[in-house]
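Remarks on the structure that follows.
Since every read-out is calculated from the coordinates, none of them should be taken as a lab result. Remember, predicted model here, so these are calculated numbers, not experimental data. Cβ coordinates were reconstructed from backbone atoms using ideal geometry, including for glycine residues, and neighbour counts include every protein chain displayed.
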Amino acid sequence: MADVVSFIQQLTQEVTLAAWALFLLTWTIGWTLRGAPIPLSRLKRAGSGLVEDSIWAALWLALGSTVFTFITYIVKAVVGSP
């Protein structure tokens, strides 16, 4: 049972790390498009949309990470693994 718990914890950490990296990439691209000196308003609106979506994703990612961490803590307390 401890092997399953550690596998799920490791998988959750890897997916969370990839998701945070994607958030940073999207946020950076969004601000780059929004602040670019290009006179295309559609491109600037797309940048604003990317920034807004990445911030929402960061919020849900933080909440999801908290829930998974709490579940892992409870399972470790029940199973008794270190």
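From helices alone, the chain scores -32500 deg cm²/dmol at 222 nm; the rule is -39500 (n - 2.57) for each run of n ≥ 4 DSSP H residues, then divide by the residue total. For the chain, the longest principal axis of the Cα atoms and the long axis of helix 41-79 meet at an angle of about 10 degrees.
A dipole drawn for the chain from +1 and -1 charges on Cβ atoms has a positive end, and of Leu33, Gln9, Val75 the residue lying farthest that way is Leu33.
Where in the stretch 1-26 is the amide nitrogen less than 18 Å from a point lying 7 Å along the Cα-to-Cβ axis of Ser65? Taking a point 7 Å out along Cα→Cβ of Ser65, the residues of the stretch 1-26 whose backbone N falls under 18 Å are 8-26. When Cα Rg over 2.2 N^0.38 Å is calculated for this entry, the matching label among [x] 1.04; [y] 1.55; [z] 1.17 is [y]. The overall shape of the stretch 30-73, judged from the alpha-carbon gyration tensor, is prolate: a/c is not under 1.5, and a/b is greater than b/c. Hey, what angle do you get for helix 2-35 against the long axis of the chain, alpha-carbon based, 0 to 90 degrees rounded to 10? The angle comes out at about 10 degrees. Listed from fewest to most Cβ neighbours within 10 Å, the set Arg34, Arg45 follows the order Arg45, Arg34. By the beta-carbon count within 10 Å of each Cβ, the least crowded to most crowded order of Leu33, Leu11, fewest first, is Leu11, Leu33. Computed about the Cα centre, the dipole magnitude for the chain is approximately 400 debye when only Lys and Arg (+1) and Asp and Glu (-1) carry charge, each at its Cβ.
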